[in-house]
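Reviewing the structure listed below.
The values are calculated or read from the model by the stated rules, or taken from the named source; none is laboratory data. Bear in mind the structure is a predicted one, so any value in this text is a computation, not a measurement. Cβ placement follows ideal geometry from the backbone for every residue including glycine, while neighbour counts extend to all protein chains displayed.
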Amino acid sequence: VDGDPPLGRLIQALEECNVLPVKGHSVVYWMRMEDMRICDNRALAAASAMAIKEGIPLLVLFVLSPQDYVAHDRSPRRIDFTLRNLALIKASLSDIDIPLHVVTHKPRRDIPSFVISFLRSMKATRLFANMEYEVDELRRDIQVCELGKDEGISPMFIHDKLIIEPGVLTSKQGKPYAVYSPFQRLWLSTLNGDLDKYLAEASSPEPNPASVRQHPTFSGLFSTELPTAIDGFDCADRDQMATVWPAGTIAAREMLRRFLYTKSRSSHVGLSDPLEDGAVSSDKRSRALVYKEGRDKADRDTTSRLSPYLSAGVISARECVRATLILLGAKKVQATRDTSVGVWVQEIAWRDFYTHVMAAFPRVSMGRPFQEKYADVQWETNQAHFDAWKEGRTGVPIVDAAMRQANTMGWMHNRPRMIAAMYLTKDLMLDWRLGERYFMEQFIDGDLGSNNGGWQWSASTGTDPQPYFRIFNPYSQSEKADPTGDYIRAFVPELREVFGPDVHNPPAKLADKLGYPRPLVDHKEARERALRRYKNPGVQ
Ligand code: FAD
């Protein structure tokens with residue numbers, strides 16, 4: 001399946017249609033779901049520079065594609081977040097006389113011809129967009145190149161999502177990395193070797209001449225209405241999401257500032273406004289400076305909560321890394337395990353890594369395990385267990401707290417994500433693809449590469465060099481991730497009055513009294529079953 005990764009084919013297609021087009025009447029920047037910002041946006045900056053050079057206006061197009069959202073299991077929360085961000089972007093662009101034209105286009109197959117016909121109608125010969133690395137999206141863009149070539153339209157797809165784009169970092173044998181540690185070492189030395197290149201801030205777009213508002217071809221674009229919802233993607237908790245995850249780059253920057261410069265709260269991450277000050281911990285250092293010790297504690301509020309913003313590109317990863325240089329007054333990026341900020345930047349490198357893996361080994365995003373030898377692992381088919389996991393009724397408090405956090409917040413702390421994913425795949429022995437899909441359907445930060453990477457890591461089918469016998473004991477994980485028990489008590493009301501070790505593994509009598517379920521499986525037995533099945537894929 002990986003024979004001819006579509007990223008290479010797109011780059012080739014771009015070279016083939018890189019002819020100088022005749023000067024058009026406008027330049028189009030096609031904004032996508034992963035680059036929802038105006039500042040530090042490379043394709044937008046390049047489109048604006050071209051418009052200025054040619055003395056013609058810049059137009060911005062956004063195509064809402066419900067069929068793609070279904071195909072990618074996008075959550076209503078993520079779609080709603082997209083729409084909330086679009087509303088802010090439209091207003092900001094309008095202030096500088098740039099129209100944002102948002103259309104809903106149903107048949108995903110002909111989005112390329114739709115985009116090309118839009119350019120034709122706007123008499124544009126230049127199209128700019130940031131690269132998306134999922135297989136379907138790459139194929140779509142290859143088609144845009146092919147159609148564009150016939151029409152005298154020159155598309156330009158630019159790397160922007162990651163700090164270092166896929167293809168740059170290869171092993172000594174010229175192969176893409178399949179293990180994180182050597183990838184990360186080369187990532188850091190390559191980055192520090194050319195900070196100006198990898199962290200340079202893209203310039204903001206120049207205003208259009210105000211006359212564009214009266215222009216017969218372009219004026220209508222300013223008045224296109226933004227939908228507030230998309231059929232089939234009703235976000236039932238829209239107001240709550242808007243409080244917990246406010247849209248826009250200003251909110252994202254505030255979230256970054258909160259992480260870098262303010263002290264962590266002593267409580268877990270809940271449903272309150274993250275930007276309101278809560279009870280702060282007694283530690284005088286900011287979240288970023290205690291990240292190393294605090295990041296695995298789900299009962300504290302130490303991580304950045306930037307994942308929805310990074311996934312949707314509301315803030316650039318470059319800006320986040322540049323901010324660490326400012327915080328430390330450093331000239332080189334720190335990304336080693338020695339310091340808290342270094343550990344955090346390593347997480348940004350994980351984000352790069354999983355997208356590199358997806359671009360180099362597209363099979364992972366097509367439902368195939370990274371390690372093909374595990375394709376035949378025998379999974380259970382137990383709908384009742386799957387439902388209990390989804391609803392947070394497994395009888396394992398840390399797993400239930402995690403799943404209920406996902407269901408109410410549209411987000412989960414990283415450590416519970418790992419514990420819940422490991423529990424589904426190793427204790428319940430249910431297919432990792434079910435969990436991967438459920439997370440995408442719930443999360444506001446759903447990112448195909450990171451979600452797939454996280455799931456395959458947990459299921460031991462992925463890039464983790466550790467063998468399959470890495471099986472978390474959910475009870476000891478619970479004691480480490482939630483030492484106070486506050487996280488469990490916050491999301492599992494049945495256990496709200498339970499303190500001490502019982503909160504991690506309530507005795508049967510107590511659980512019955514509180515109406516809390518008994519565990520679905522015995523961990524020791526389940527562990528043995530998982531070891532057996534992984535050792536002999538194909539055997540029950
Ligand atoms: P911080 O700890 O503050 O980290 C900063 C940023 O680094 C994050 O916002 C994120 O962009 C990146 N990052 C952190 N950890 C990882 C990681 N392990 N892999 C890739 N990038 C990382 N992250 C997503 O953004 N979207 C997903 O859909 C997603 N699905 C996951 C599924 C599973 C099963 C697992 C185990 C992890 C998944 N992650 C996903 C990674 C991680 O859990 C979240 O990025 C993190 O919890 C977000 O919280 P934060 O912004 O406070 O992170």
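If you go through the stretch 312-359 and keep only what is under 30 Å from residue 485 (Cβ atoms) and either crowded, with 22+ Cβ neighbours inside 10 Å or near the ligand (Cβ under 8 Å from one of its atoms) (or both), you end up with 341, 344, 347, 350. Residues to consider are 250, 230; find the one that is touching a Pro at 6+ places or on another chain (Cβ under 6 Å) and not hydroxyl-bearing (Ser, Thr, Tyr). From the options 250, 230, the qualifying one is 230. Being β-branched (Val, Ile, Thr), in contact with a helix residue (DSSP H, G or I) (Cβ under 7 Å, 6 or more places away or on another chain) and more than 21 Å from residue 422 (Cβ to Cβ) is not true of residue 377. The residues in the stretch 274-293 that are more than 27 Å from residue 248 (Cβ to Cβ) and either modelled with pLDDT of 90 or more or in contact with a Pro (Cβ under 6 Å, 6 or more places away or on another chain) (or both) can be counted, and the count is 3.
Scanning the stretch 294-311 for residues that are within 11 Å of the ligand (Cβ to nearest atom), part of a loop (DSSP other than H, G, I, E, B) and modelled with pLDDT of 90 or more turns up 295, 296, 298, 303, 304, 305, 306.
For the stretch 117-162, enumerate the residues that are of a type in the set (Val, Ile, Thr), surrounded by fewer than 22 Cβ atoms within 10 Å (Cβ to Cβ) and at pLDDT 95 or above. Steps first, answer last, please.
Residues of the stretch 117-162 of a type in the set (Val, Ile, Thr): 125, 135, 142, 144, 153, 158.
Now narrow it down to the ones that are surrounded by fewer than 22 Cβ atoms within 10 Å (Cβ to Cβ): 135, 142, 158.
Across the stretch 117-162, the qualifying residues are 142, 158.
Residues in the stretch 81-93: is at least one free of Cβ contacts under 8 Å to residues at least 40 places away in the same chain and surrounded by fewer than 22 Cβ atoms within 10 Å (Cβ to Cβ)?
Residues of the stretch 81-93 free of Cβ contacts under 8 Å to residues at least 40 places away in the same chain: 91.
After this cut, where a residue has to be surrounded by fewer than 22 Cβ atoms within 10 Å (Cβ to Cβ) as well, the list is 91.
Yes: one or more hits.
Of everything in the stretch 360-385 that is of a type in the set (Gly, Ala, Ser) and part of a loop (DSSP other than H, G, I, E, B), the residue that is nearest to the ligand (Cβ to nearest atom) is 367. Here residue 208 passes the criteria (1) exposed (fewer than 15 other Cβ atoms within 10 Å of the Cβ); (2) among the polar types (S, T, N, Q); (3) over 23 Å from residue 8 (Cα atoms) except the one numbered (1). Scanning the stretch 41-65 for residues that are closer than 16 Å to residue 104 by Cα and touching a strand residue (DSSP E or B) at 6+ places or on another chain (Cβ under 7 Å) yields 60, 61, 62, 63, 64. Against the numbered list (1) of a type in the set (Ser, Thr, Tyr); (2) farther than 26 Å from residue 240 by Cβ; (3) in contact (Cβ under 8 Å) with a residue 40 or more places away in the chain, residue 113 comes up short only at (3). What about residue 489, is it in contact with a Phe, Trp or Tyr (Cβ under 9 Å, 6 or more places away or on another chain), surrounded by 14 or more Cβ atoms within 10 Å (Cβ to Cβ) and either over 30 Å from residue 244 (Cα atoms) or free of Cβ contacts under 8 Å to residues at least 24 places away in the same chain (or both)? Yes, satisfied.
Considering each residue of the stretch 455-486, count those that are of a type outside the set (Asp, Glu) and free of Cβ contacts under 8 Å to residues at least 60 places away in the same chain, and give that number.
Taking the stretch 455-486 and keeping what is of a type outside the set (Asp, Glu), we get 455-463, 465-478, 480-481, 483-485.
When the remaining residues are screened for being free of Cβ contacts under 8 Å to residues at least 60 places away in the same chain, the result is 455, 457-458, 466-467, 470, 472-473, 476.
The qualifying residues number 9.
Residue 168 passes every criterion in (1) part of a loop (DSSP other than H, G, I, E, B); (2) surrounded by fewer than 23 Cβ atoms within 10 Å (Cβ to Cβ); (3) β-branched (Val, Ile, Thr); (4) in contact with a strand residue (DSSP E or B) (Cβ under 7 Å, 6 or more places away or on another chain) apart from (4).
For the stretch 424-435, the set of residues classified as surrounded by fewer than 24 Cβ atoms within 10 Å (Cβ to Cβ) and of a type in the set (D, E, K, R) consists of 431, 433, listed by residue number. Scanning the stretch 426-453 for residues that are over 15 Å from the mean Cα position of the chain (by Cα) and part of a helix (DSSP H, G or I) yields 426, 427, 432, 433, 434, 435.
What do you reckon, is residue 217 among the hydroxyl-bearing types (Ser, Thr, Tyr), part of a loop (DSSP other than H, G, I, E, B) and under 23 Å from the mean Cα position of the chain (by Cα)? Criteria not met by residue 217. Just one of (1) more than 10 Å from the ligand (Cβ to nearest atom); (2) at negative phi; (3) of a type in the set (S, T, N, Q) fails for residue 460. It is (2).
Restricting to the stretch 377-422, give me the number of residues that are of a type in the set (Phe, Trp, Tyr) and within 22 Å of the chain's Cα centre (by Cα). Spell out the reasoning first.
First, pick out the residues of the stretch 377-422 that are of a type in the set (Phe, Trp, Tyr): 379, 386, 389, 411.
Filter again for within 22 Å of the chain's Cα centre (by Cα), leaving 411.
Total meeting the criteria: 1.
The set of residues from the stretch 47-69 being surrounded by fewer than 22 Cβ atoms within 10 Å (Cβ to Cβ) and small (Gly, Ala, Ser) comprises 49, 55. The set of residues in the stretch 394-423 being surrounded by 24 or more Cβ atoms within 10 Å (Cβ to Cβ), within 15 Å of the ligand (Cβ to nearest atom) and either of a type in the set (S, T, N, Q) or not in a helix (DSSP H, G or I) (or both) consists of 405, 410, 412, 413.
Report yes if some residue within the stretch 507-519 is surrounded by fewer than 22 Cβ atoms within 10 Å (Cβ to Cβ), in contact with a Phe, Trp or Tyr (Cβ under 9 Å, 6 or more places away or on another chain) and at pLDDT 95 or above; otherwise report no.
The answer is yes, given that some residue of the stretch 507-519 is surrounded by fewer than 22 Cβ atoms within 10 Å (Cβ to Cβ), in contact with a Phe, Trp or Tyr (Cβ under 9 Å, 6 or more places away or on another chain) and at pLDDT 95 or above.
Residue count for the stretch 171-201 satisfying the condition of being surrounded by 15 or more Cβ atoms within 10 Å (Cβ to Cβ) and in contact with a Leu (Cβ under 9 Å, 6 or more places away or on another chain): 10.
Here is a check on your reading of the model: is residue 388 at pLDDT 95 or above and within 11 Å of the ligand (Cβ to nearest atom)? Spelling it out, it is not the case that residue 388 is at pLDDT 95 or above and within 11 Å of the ligand (Cβ to nearest atom). Just give me the residues in the stretch 181-200 being within 17 Å of residue 317 (Cβ to Cβ) and in contact (Cβ under 8 Å) with a residue 12 or more places away in the chain, in sequence order. Once the filter is applied, which keeps residues that are within 17 Å of residue 317 (Cβ to Cβ) and in contact (Cβ under 8 Å) with a residue 12 or more places away in the chain, the stretch 181-200 yields 183, 184, 187, 188, 190, 191, 192, 195, 198, 199, 200.
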